[in-house]
1. Name the residues in region 259-284 that are closer than 22 Å to residue 104 by Cβ, open to solvent by 70 Å² or more (accessible area, probe 1.4 Å) and part of a loop (DSSP other than H, G, I, E, B), would you?
2. Does residue 76 satisfy being assigned to a strand (DSSP E or B), over 27 Å from residue 206 (Cα atoms) and either modelled with pLDDT of 75 or more or in contact with a helix residue (DSSP H, G or I) (Cβ under 7 Å, 6 or more places away or on another chain) (or both)?
3. Residue 254 fails exactly one of the following numbered conditions: (1) without any contact (Cβ under 8 Å) to a residue 12 or more places away in the chain; (2) touching an Asp or Glu at 6+ places or on another chain (Cβ under 7 Å); (3) of a type in the set (A, V, I, L, M). What is the number of that condition?
4. For residue 162, work out the one condition from (1) under 16 Å from residue 124 (Cα atoms); (2) within 15 Å of ligand 3 (Cβ to nearest atom); (3) not small (Gly, Ala, Ser) it doesn't fulfil.
5. Pull up region 23-66, narrow it to residues that are more than 22 Å from residue 105 (Cβ to Cβ) and of a type in the set (Val, Ile, Thr), then point me to the one that is most open to solvent (accessible area, probe 1.4 Å).
6. Can you tell me which condition residue 168 does not meet? The list is (1) farther than 18 Å from residue 95 by Cβ; (2) within 16 Å of ligand 3 (Cβ to nearest atom), and all the others hold.
7. Here is a check on your reading of the model: is residue 128 of a type outside the set (Gly, Ala, Ser), touching a His at 6+ places or on another chain (Cβ under 9 Å) and within 16 Å of ligand 2 (Cβ to nearest atom)?
Amino acid sequence: ADVAMYAAKRRRAGKVVYTPGLSDCTPQRLGLVAEFRRGIEEGQLRLHYQPKVDLATGGAAGVEALVRWQHPREGLMPPGRFITMAEETGLIRPMGLWTLEAAIRQSRAWHDVGLDADVAVNLSVDNLHDEGLTETLRKLLETEQAQPGWLTIEVTETAMMKHPKQAKRILESLHELGVRISIDDFGTGYSSLAYLKELPVDEVKVDRSFVKDMLVDDRGACIVRTVIDLGHNLGLKVVAEGVEDLASAERLAAWGCDSVQGFVLSRPMPSPEATTWLAARETP
Ligand code: C2E
Ligand code: CA
Ligand code: CA
Ligand code: CA
């Protein structure tokens, strides 16, 4: 149902506006919902790309696609300002499909110019509960003549917690298609280890909260090293996210971490800048 229309009707009827699932029902918020819906339709979403670097070779190890909303008045909005609203209103579904299509197109475009750049896309819990997701993706990949291995899906433990069985089924079908699966913000959810045992995972991303002060906090360092070893013992790639300084990147390399991502390399960039960055990093 259309959330904004529903709320307006209730307001006219003199009822207290309460939209199930919407944590904040102020008129501003409801206006934002309507604007966001229109924004998706009118092509106001953008992807910015943040590169990862392979610590063994120093070369680019793909990029993560991070969504932004080019709001007509407010300018470029970071996901922190609309993801929760999108999740609560169901708009996360069309947004997720848009993101997947845009990311696959971009990866195709990079491969066309000789840049071997894989793209990782973040999906929310509702995207995983779309039973048609795998089939939609299969068609998208076919249309763009893109290989499934160019795409990584990043999911958080929290997202999988909600309906673990369903999440497992979808991830298995995506994995069967050849798409890579990455566990995002690893270590911050519940029962992280259970996921590694149960799910078809290719990669773990050590959460920034552990990486942030690993040089000054022995316990943080211990957790990072343990996750790296655990990942490797399970045959997974380990990525450290949110790396802000060179000393941390060097330490992570010494610990055998596969790749790093963070402001030390680059902030997320629009497509043209990301292309330039990737071209400069291309290992000969
Ligand atoms: P995330 O997936 O953990 O993404 C990493 C966030 O950390 C990004 O923020 C990125 O800009 C930021 N970051 C990267 N390197 C550093 C660093 O060195 N230091 C610090 N302090 N921050 C760093 P962003 O782009 O604002 O995204 C925030 C979150 O929004 C993401 O966290 C992800 O959970 C969500 N998100 C982004 N794009 C999408 C999307 O397309 N779909 C869904 N469902 N969620 C998305
Ligand atoms: Ca992510
Ligand atoms: Ca993350
Ligand atoms: Ca994080």
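1. Of everything in region 259-284, just one residue is closer than 22 Å to residue 104 by Cβ, open to solvent by 70 Å² or more (accessible area, probe 1.4 Å) and part of a loop (DSSP other than H, G, I, E, B), namely 282.
2. So residue 76 fits the description; yes.
3. (2)
4. Against the list (1) under 16 Å from residue 124 (Cα atoms); (2) within 15 Å of ligand 3 (Cβ to nearest atom); (3) not small (Gly, Ala, Ser), residue 162 comes up short only on (2).
5. If we take residues in region 23-66 being more than 22 Å from residue 105 (Cβ to Cβ) and of a type in the set (Val, Ile, Thr), then 57 is most open to solvent (accessible area, probe 1.4 Å).
6. Every listed condition holds for residue 168 apart from (2).
7. Yes, satisfied.
The values are calculated or read from the model by the stated rules, or taken from the named source; none is laboratory data. Predicted, not measured: the structure shown is a model, and the values here were computed from it. Please note: Cβ atoms are built from the backbone with ideal geometry, for glycine as well, and neighbour counts cover all protein chains shown. For accessibility, only protein heavy atoms count, side chains too; no ligands or nucleic acids. Shrake-Rupley method; radii C 1.70, N 1.55, O 1.52, S 1.80 Å.
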